[in-house]
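For reference, the structure discussed in these notes is given below.
The values are calculated or read from the model by the stated rules, or taken from the named source; none is laboratory data. As the structure is a computational prediction, the values presented were derived from the model and not from experiment. Counting neighbours? That spans all protein chains shown, and the Cβs are built from the backbone with ideal geometry, glycine included.
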Amino acid sequence: MSRIYTQKGLGLFVLGLFFACVIATSCDSSQKIPKVHIVEIRGMKFVPEELHLSKGDTVIWVNKDLVMHDVTEESKKAWASGIIASKSSWKRAITNSSDYYCNLHVVMKGKLVVD
Amino acid sequence: MENTRNLLIKLSRVALIISLVTVTVSAQDNPKLTDPEVASVAVVANQIDISYAEIAKKKSKNEDILQFATTMINDHNEVIAQAVALAKKLGVTPADNAVSKSLLAGAEKTKKMLKSKRGKAFDRAYIDNEVTYHKAVIEAIESLLIPETDNAELKSLLNAVLPALKTHLGHAETVQKKVSK
Ligand SMILES: [Cu+2]
């Protein structure tokens, strides 16, 4: 009998460990839930010009200007939004630090820094 | 309404400054424009830059020039739309006048000059003119119109347009450096 209880006890212990792991894991992953960041495009500027974020976070660019803009990765044109019309937005999940610019107004520049 | 009228007279002085840069106007030729005439000048000043861009799109093969010209067409069309909307709100219908005509006459000369050039010489002439034109318009709006404007709507439109013009100038200067190499 006592052996059975011991086995039960061991079973509960293992079960407890399992849940502890699940909880620990979920706690850990909750710290990594991707965040959403907004970059406003206004007055012909990206605001903020430099944004710090975590890998996998999403950035939404919102065009508050009268004129159209775009968002293009600067080094290799690795990604680009296409035209973002006035009062429209575009979003992208970010995995790498990237410099970007507006291909329609090439002097408009922004920076994403993955910390 | 009296305020609006004063502002529109000021706007006509700005239009005159722009016209002085692009075409020679005699000193005593200082017309007082009506509201509809001023609205016309605002539209014409933007249309002129669009017409230069349309020539560039036909004549240039340079990627930077073509991209810049497309942006000029898009952005100046948007400014025209905003100016027309404000004119409508103020109860004004654009009408031809001496200043808009002199602006157009100056633009005709520039267009003729642009059409006579090819290849790199065209690219340089086009972008040099864009730098000059945007500088003149920015100077006129910044040093004269904005400080003297009391009308909130006009002021906010001018403030909204100014960063775009400055960005165009910066963009034009960047292209100018590349093209002059
Ligand atoms: Cu832009």
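Assorted remarks:
- Verdict on B:D123 being away from chain A (no Cβ under 14 Å), surrounded by fewer than 17 Cβ atoms within 10 Å (Cβ to Cβ) and in contact (Cβ under 8 Å) with a residue 40 or more places away in the chain: no
- When A:V36 is tested against (1) at pLDDT 95 or above; (2) closer than 30 Å to B:L66 by Cβ, only condition (2) is not met.
- Test: B:K166 is part of a helix (DSSP H, G or I), within 18 Å of B:H76 (Cα to Cα), within 14 Å of another protein chain (Cβ to nearest Cβ) and in contact (Cβ under 8 Å) with a residue 24 or more places away in the chain: yes
- Residue list for the stretch A:61-79, filter: basic (K, R) and within 12 Å of chain B (Cβ to nearest Cβ): A:K64
- Count of the stretch A:43-73 residues which are among the charged types (D, E, K, R), loosely packed, with under 15 Cβ neighbours inside 10 Å and within 16 Å of the ligand (Cβ to nearest atom): 2
- Comparison of B:L114, B:L86 shows that the only residue that is more than 16 Å from the chain's Cα centre (by Cα), within 13 Å of chain A (Cβ to nearest Cβ) and assigned to a helix (DSSP H, G or I) is B:L86.
- Close pairs (9 angstrom Cβ cut-off, 6 or more residues apart or separate chains): within 20 Å of B:E78 (Cα to Cα) in the stretch A:64-81, away from the ligand (no atom under 15 Å from the Cβ) and of a type in the set (V, I, T) anywhere: A:V71/A:V59
- Extreme residue, surrounded by the fewest Cβ atoms within 10 Å (Cβ to Cβ), among residues of the stretch B:69-83 that are among the β-branched types (V, I, T) and within 9 Å of chain A (Cβ to nearest Cβ): B:T70
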